[in-house]
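Worksheet: one structure, shown below.
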């Protein structure tokens, strides 16, 4: 059973993918499929909004790394937004806090990009 909802939208800064629920082995393939269809262009930022994520296992972390790789291939950036404390703690333990830029909200991530190009 897949207990993850995935929303996507486009901001001026680039695509925003909003995840809510369980990001795990059962849902990772669907997230990867959505990532593959995003229109991410050079110089944009991919925002992954984790505000609604209640659980993230190693498969979830792997899909976030895949999102980072997608951004790098597009010569774009990636920002994780609204990372829940329990997930942020895991990121700090494994060193992913050094790999991913984070922002408190998706809005602050898109606003930061917009002010950097203004």
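Every number in this text was worked out from the coordinates using simple rules, so none of it is lab data. Bear in mind the structure is a predicted one, so any value in this text is a computation, not a measurement. Cβ placement follows ideal geometry from the backbone for every residue including glycine, while neighbour counts extend to all protein chains displayed.
Which FRET efficiency, nearest 0.05, do residue 29 and residue 86 yield, Cβ-Cβ r, R0 35 Å?
0.90
So for 102, 54, fewest C-beta neighbours within 10 Å to most, what's the order?
Taking fewest neighbouring Cβ atoms as first place, the list is 54, 102.
Given an 8 Å cut-off on Cα distances and at least 6 residues of separation, report the relative contact order of the chain as a percent.
26
In the Gaussian network model of the chain, springs joining C-alpha atoms below 10 Å, which of 43, 21, 95 carries the largest mean-square fluctuation?
Of 43, 21, 95, the Gaussian network model singles out 95 as fluctuating most.
So what's the back-of-envelope 222 nm ellipticity for the chain, counting only DSSP H runs of four-plus at -39500 (n - 2.57) apiece and dividing by all residues, rounded to 500?
-13500 deg cm²/dmol
Order by neighbour count: 108, 27, fewest other Cβ atoms within 10 Å first, most last.
So the residues, fewest neighbours to most, are 108, 27.
What is the gain in length, in nm to one decimal, between residue 37 and residue 112 on full extension, counting 0.36 nm per residue of separation less the C-alpha to C-alpha distance?
Stretched fully, the residue 37-residue 112 segment lengthens by 24.6 nm.
How big is the antiparallel share of DSSP beta bridges in the chain, given as a percent to the nearest 5?
Percentage antiparallel, nearest 5: 35.
Between the helical axis of 25-36 and the dominant principal axis of the chain, each derived from Cα atoms, what acute angle in degrees is found, rounded to the nearest 10?
Taking Cα atoms only, the helix is inclined about 20 degrees.
Restricting things to alpha carbons, tell me how big the range 4-110 is in terms of Rg and Dmax, in Å.
12.3, 33
What ranking do 87, 6 get, fewest neighbouring Cβ atoms within 10 angstrom at the top?
Ranked by crowding around the Cβ, least crowded first: 6, 87.
Over the alpha carbons of the range 55-108, what is the largest minus smallest coordinate on each principal axis, giving the biggest first in Å?
30, 26, 18
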